[in-house]
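This report refers to the structure that appears directly beneath it.
The values are calculated or read from the model by the stated rules, or taken from the named source; none is laboratory data. Just so it is clear, the structure is predicted and the values come from calculations on it, not from any experiment. Cβ placement follows ideal geometry from the backbone for every residue including glycine, while neighbour counts extend to all protein chains displayed. The area values use the complete protein model at the heavy-atom level, side chains included, leaving out ligands, DNA and RNA. Shrake-Rupley method; radii C 1.70, N 1.55, O 1.52, S 1.80 Å.
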Amino acid sequence: MEYCLVNQSVSFAGKNMVIEYDNRKIKFCDNILQIMRKYIQVIRKSCEAGGILIGRENCGNSNLIIEFITEPMALDKRSRYRFLRKDTGHLDFFNKLYEENSGVYGYMGEWHTHPENIPHYSFIDSNNWKRIGEEMNGGIQYHIIAGIQQVGIWEYNADNKKITQICSIEWTRILKENEMLI
């Protein structure tokens with residue numbers, strides 16, 4: 001069963017997924033979902049995968065557009081139940097994008113997979129989100145956990161240390177919406 005919090009919705013604009021949340025829209029470009037889908041842990045031997053989310057704020061309003069993610073890299077630590085982003089290539093990719101685009105792009109959060117149908121964040125996940133929030137001196141981040149059947153999206157507000165799940169959506173719905181456009 002998929003859901004979003006009260007007073008928000010998920011829609012699709014072309015192949016992009018748009019979530020209306022907290023008086024703003026968060027658009028996830030279709031390449032984001034396609035990349036995550038490649039790493040879903042449907043096979044028992046599959047390891048968790050992950051990376052960072054990179055996007056920008058719309059100049060005319062507070063809407064966000066998440067356009068890039070990094071994929072697992074050689075020095076990351078991966079196992080069936082754990083992903084540790086260790087490779088500096090994630091930040092190198094972000095820094096290059098940032099510099100080439102005059103600082104337009106920003107770090108939006110993290111993503112990783114879980115070997116469960118309906119993903120839930122773990123104690124390790126929440127501690128990692130809090131650590132990142134402290135390193136960034138506050139602010140809001142978005143974190144995605146891609147499960148086997150659903151994708152869960154959480155907001156972490158580092159200023160008040162609050163984690164809120166803003167949405168959970170079925171992969172079948174995402175795929176169905178994208179197929180309708182072909």
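Counting only residues that are among the β-branched types (Val, Ile, Thr) and part of a helix (DSSP H, G or I), region 126-151 holds 1 of them. Restricting attention to region 126-148, the residues that are crowded, with 17+ Cβ neighbours inside 10 Å and not aliphatic (A, V, I, L, M) add up to 7. Of the set (1) buried (at least 17 other Cβ atoms within 10 Å of the Cβ); (2) modelled with pLDDT under 85, all apply to residue 1 but (1). Since residue 13 meets every condition but one in (1) under 25 Å from residue 176 (Cα atoms); (2) open to solvent by 90 Å² or more (accessible area, probe 1.4 Å), which condition does it not meet? Checking residue 13 against (1) under 25 Å from residue 176 (Cα atoms); (2) open to solvent by 90 Å² or more (accessible area, probe 1.4 Å), the one that fails is (2). When you scan region 50-79, how many residues do you find that are within 12 Å of the chain's Cα centre (by Cα) and part of a loop (DSSP other than H, G, I, E, B)? Within region 50-79, residues that are within 12 Å of the chain's Cα centre (by Cα) and part of a loop (DSSP other than H, G, I, E, B) number 2. Tallying residues that are within 26 Å of residue 101 (Cβ to Cβ), in contact (Cβ under 8 Å) with a residue 40 or more places away in the chain and open to solvent by 30 Å² or more (accessible area, probe 1.4 Å) within region 40-61 yields 2.
Applying the condition of being assigned to a strand (DSSP E or B) and of a type outside the set (S, T, N, Q) to region 103-116 and asking which residue is surrounded by the fewest Cβ atoms within 10 Å (Cβ to Cβ) yields 106. When residue 83 is tested against (1) closer than 23 Å to residue 65 by Cβ; (2) part of a strand (DSSP E or B), exactly one condition is not met: (1). Taking residues in region 17-28 that are closer than 13 Å to residue 144 by Cβ, and partners anywhere that are part of a loop (DSSP other than H, G, I, E, B), the pairs with Cβ atoms closer than 8 Å and at least 6 places apart or on different chains are 19/8; 26/63. If you go through region 153-174 one residue at a time, do you hit one that is basic (Lys, Arg) and surrounded by 15 or more Cβ atoms within 10 Å (Cβ to Cβ)? Yes, region 153-174 has at least one match. Of all residues in region 117-124, none are at pLDDT 95 or above, surrounded by 14 or more Cβ atoms within 10 Å (Cβ to Cβ), touching an Asp or Glu at 6+ places or on another chain (Cβ under 8 Å) and not charged (D, E, K, R). Against the list (1) at pLDDT 95 or above; (2) within 14 Å of the chain's Cα centre (by Cα), the condition residue 18 fails is (1). Of the residues making up region 21-39, those that are open to solvent by 80 Å² or more (accessible area, probe 1.4 Å) and of a type outside the set (Lys, Arg) number 3.
Taken over region 79-102, the criterion of being crowded, with 18+ Cβ neighbours inside 10 Å and closer than 20 Å to residue 131 by Cβ is satisfied by 83, 85, 90, 94.
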